[in-house]
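Since the structure comes first, as structure tokens, the remarks are kept for the end.
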């Protein structure tokens, strides 16, 4: 059995990483932790760590076919919370346990996410409308 260790981050879809990042960094005073492009997911991310260890992750599409671009389009051209990520102690065990319980998964195997984390997504239909990311950081 796996353990949920806490909220790792909240993913927010944005059209303009710099503009929105200035709110989280300059206005709220959260330190920017750099930007990273994840080509496989067609996204550039910007992380803003909070004092309790969780982070705000801003996600900007690098391609009009990316899930983030599609999310913003479906949301009337506005960004917003796109997913919530929970940190788990063992991602492979989590996926196996959830699959055994009949939970619908988007990813049955971990993939590489921003910051070197192993990630996998649970389908929003399984989690009552929330796109849930599970992640493991070594």
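Readers should treat all values here as calculations from the given coordinates under stated rules, not as data from a laboratory. Remember, predicted model here, so these are calculated numbers, not experimental data. Please note: Cβ atoms are built from the backbone with ideal geometry, for glycine as well, and neighbour counts cover all protein chains shown.
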Starting from the 7 Å offset along Cα-to-Cβ, what nm value, one decimal, do you get for the label separation of residue 112 and residue 50? 2.9 nm
So the compactness index of the chain, its C-alpha Rg divided by 2.2 N^0.38 Å, takes the value 1.03
Relative contact order as a percentage, the chain, C-alpha pairs under 8 Å and 6+ apart, gives 26 percent
What nm distance separates the two modelled labels at residue 7 and residue 65, each placed 7 Å from Cα along Cα→Cβ? 3.4 nm
